[in-house]
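Please treat every number below as a calculation from the coordinates, not as lab data. Everything quoted here is computed from the prediction, not taken from an experiment.
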Amino acid sequence: MSIMKGMLDNRGDTLIEVMFAIAVFSLVAVGAISIMNQGADTAQRALEIALVRQQIDAQAETLRFLNASYIAAYEAGGTYSASPYAEQWQSIQGHLSSSVVASSTSATCAMAKDITNSFILNTHTAEFASQGSGGLTFEPADTFSQVNYNNNTAYGIWIQGVSPGQFSGDQSSSTYIDFHINACWYSPGQSMPVTIGTIVRLYEPV
């Protein structure tokens, strides 16, 4: 009798108990992996945003530099072949877009090459470039928004300039230009694109 009682006390787990334990472990493991993936996606997205902000800041600083060069060399009705940076500013002036500025707030990133008079700046040489000029091409961002100077391609980043004269039809009276710098790209774990933009207002002599 005592032998039988000892065998009953030492019996193993039932199949139901084993399956329940596996189910609990699976739930915990899947939850932990999901949290880890979300953390990795958040960290990558934060890194991408920091890198894109650097790209936008570089574009803004180059715009300010070209504007300051133009003001320093300014003379009414003058040409600026002797001042290459002021000449670059004149190229930008001639490339002002329509009064409607495209932003990437829809479900898909807008293609910069399809946006009226979009352009970008080579921050290494402070040169203006638009679609088709100087071999520049605009493409959707394959990772995050950036300008690749090796292949002269802007990925998911572009600039549009709008002057107040475009609303009145008299650009000669414009005293400033608003530059809309836009960036748009898809980040891991996001169904909607990440968009960042800023506006730089630069004044001109009249």
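For the reader, a short list of remarks on this structure follows.
- Gain upon complete extension [A50, A68; 0.36 nm per residue less C-alpha separation]: 3.8 nm
- For the pair I22 and T116 in one chain, pulling the backbone fully straight at 0.36 nm per residue adds 27.9 nm over the alpha carbon distance.
- Potential extension, N151-T137 segment - 0.36 nm per residue separation minus Cα distance: 4.2 nm
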